[in-house]
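Since every read-out is calculated from the coordinates, none of them should be taken as a lab result. It should be emphasised that the depicted structure is a prediction, and the values quoted were computed from it without experimental measurement. With ideal geometry, Cβ positions are generated from the backbone for all residues, glycine too; neighbour counts draw on all protein chains shown.
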């Protein structure tokens, strides 16, 4: 099935407007309902629905997520996917990064990575970004990666990283972006738009807070999300008016609340990469494509968002 596609930066690579994140493929820290076979089946369903962007990282489950994705690629055909993975912040020195890329390719079972991303900038600023970007560009020139991406980069990081590239440019910046967490809209999103850098939105559903599945008194208990401040009782109370608006819009349109939340990101030209533990969740995510929220609905959402103040203390 054909899906909406968009160019990844100026790389020439076209990806589905909604991708599939596979952090949950790292293991049971996302809950007891996570198993490898279901993740592989979810990736298969993504392919059937036209979703071709699959995002993983070497740090997810200490490489296990990449192995699960690799199993799916072997079964479904590597040529059907745009494979994105990320190098861990501990591997940003030149030689370490080259070795990390080779290790990721082995786990994925591929000869090249479509989008290779720096997971986080070095928080201690001990490794010169010049060294990291030199290694990334070497991989690009050698054909081992088709595009260079970054993740969680502020504008100053983006500007410095781009200054060290001469043969290509950064194609994407993967950032946390959803209705409730919009701090990136102040500087990062406008900068990326001006410079032709695609925004890939991780946590586009706020780890499930925007799906309607969770309300005050009913929150996720897995190891990853149990510490998410969004699920604190006072924050769930503050989010409730938004959930009611999403529910209303979803009911009028005959869609699900999560699809409204994802479509809101599509209207902002972001590429959301929601996770999925099973084929059914992929089907829901894919249903965010093929339609658009109208101006009245966008205003309705913005009005309620203006009154929500999440407490992160």
Checklist line | Whole-number Å³ per residue for the convex hull built on Cα positions in region 72-174 | finding: 90 Å³
Notebook entry, point to check: Helix 94-108 sits at what angle to the longest principal axis of the chain, using alpha carbons and giving 0 to 90 degrees rounded to 10?
Noted result: 60 degrees
Next item on the list: Mind telling me which of 284, 260, 83 comes out most flexible in a GNM of the chain, alpha-carbon contacts under 10 Å?
Entry: 284
Checklist line | Whole-number percent relative contact order across the chain, with pairs defined as alpha carbons under 8 Å at least 6 apart | finding: 21 percent
Note to self: For a quick check: sort 218, 134 by the number of other beta carbons within 10 angstrom, fewest at the front.
What the structure shows: 218, 134
Next item on the list: Evaluate E = 1/(1 + (r/R0)^6) for residue 213 and residue 308, where r is the Cβ-Cβ distance and R0 equals 22 Å; express this FRET efficiency to the nearest 0.05.
Entry: 0.75
Notebook entry, point to check: Three principal axis extents, largest first, for the C-alpha atoms of region 177-289, in Å?
Noted result: 43, 30, 27
Check: What order do you get for 68, 34 when you list them from fewest to most C-beta neighbours inside 10 Å?
Finding: 34, 68
Check: Between residue 240 and residue 187, what is the spin-label point distance in nm, taking each point 7 Å from the Cα along the Cα→C-beta axis?
Finding: 3.7 nm
Item checked: Most mobile listed residue (291, 120, 23) in the chain, GNM with C-alpha springs under 10 Å -> 291
Notebook entry, point to check: Compactness ratio of region 28-133: Cα Rg over 2.2 N^0.38 Å, N = residue count?
Noted result: 1.13
Notebook entry, point to check: Given Cα pairs under 8 Å that are at least 6 residues apart, what percent is the relative contact order of region 194-281?
Noted result: 43 percent
Notebook entry, point to check: Mean separation of Cα pairs under 8 Å and 6+ residues apart, divided by the residue count of region 244-286: what relative contact order is that in percent?
Noted result: 31 percent
Note to self: Mean-square fluctuation check for the chain, GNM, Cα pairs under 10 Å: which of 73, 293, 97 is largest?
What the structure shows: 293
Next item on the list: Note the angle between two axes, namely the Cα long axis of helix 64-76 and the longest principal axis of the Cα atoms of the chain, as a number of degrees from 0 to 90, rounded to the nearest 10.
Entry: 90 degrees
Notebook entry, point to check: Using helices alone, what [θ] at 222 nm do you get for the chain, with -39,500 (n - 2.57) per DSSP H run of 4 or more residues, divided over all residues and rounded to the nearest 500?
Noted result: -12000 deg cm²/dmol
Margin query: Whole angstrom only: what separates the Cα centroid of region 56-82 from the Cα centroid of region 223-247?
Written below: 31 Å
